[in-house]
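Undergrad: Shown below is the structure under consideration.
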Amino acid sequence: MKITTIIMGVILFAIATMIIYGWGLVKQKNQTSDLMGLLFGKGEEKVKKYLKKQETITAADVERMCDGLEAKLPFSASRAVVKNKKDFARQLLDYMVKTGQLEKDGPVYKKAGKAKR
């Protein structure tokens, strides 16, 4: 084997190792926000499913639904679990109002109406 072939193989192996290591660092850095996004997504789905059967929902209803809710990323041992259900419910409802999914009507929330043209 030529020495240039060996050197090129070592260099390519080092580059591949750097790319995989960098990808792992970025994934680890974004893990918290990804877990919270999954947690909010699961909470949103539960609220939407509830609102298919009911007209309105209260913060207490959301607290009950989201108690013990958890999210886990694939190929990761880390998970996010709702510990403070009151705070999570408030944040989830505020987020859903802000994104136009819900409308606040006093102490209750309802599905946002379609925009009239």
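Undergrad: Kindly list, by first and then second residue, each pair from a residue in segment 29-57 that is farther than 18 Å from Phe88 by Cα and free of Cβ contacts under 8 Å to residues at least 24 places away in the same chain to a residue that is part of a helix (DSSP H, G or I) and open to solvent by less than 40 Å² (accessible area, probe 1.4 Å), limited to pairs with Cβ atoms under 9 Å and residues at least 6 apart or on different chains.
TA: The qualifying pairs are Gln54/Asp61.
Undergrad: All but one of (1) touching a residue at least 40 places away in the same chain (Cβ under 8 Å); (2) open to solvent by less than 50 Å² (accessible area, probe 1.4 Å); (3) not hydrophobic (A, V, I, L, M, F, W, C) hold for Tyr95; state the number of the condition that does not hold.
TA: (2)
Undergrad: Quick one: in segment 98-112, which of the residues that are under 18 Å from the mean Cα position of the chain (by Cα) and without any contact (Cβ under 8 Å) to a residue 12 or more places away in the chain is least open to solvent (accessible area, probe 1.4 Å)?
TA: Per the criteria, the residue is Thr99.
Undergrad: Keeping to segment 56-87, report how many residues are in contact with a strand residue (DSSP E or B) (Cβ under 6 Å, 6 or more places away or on another chain) and not hydrophobic (A, V, I, L, M, F, W, C).
TA: 5
The values are calculated or read from the model by the stated rules, or taken from the named source; none is laboratory data. Just so it is clear, the structure is predicted and the values come from calculations on it, not from any experiment. As a convention, Cβ positions derive from the backbone with ideal geometry for all residues, glycine included, and neighbour counts pool all protein chains shown. Accessible surface areas use protein heavy atoms only, side chains included; no ligands, DNA or RNA. Shrake-Rupley method; radii C 1.70, N 1.55, O 1.52, S 1.80 Å.
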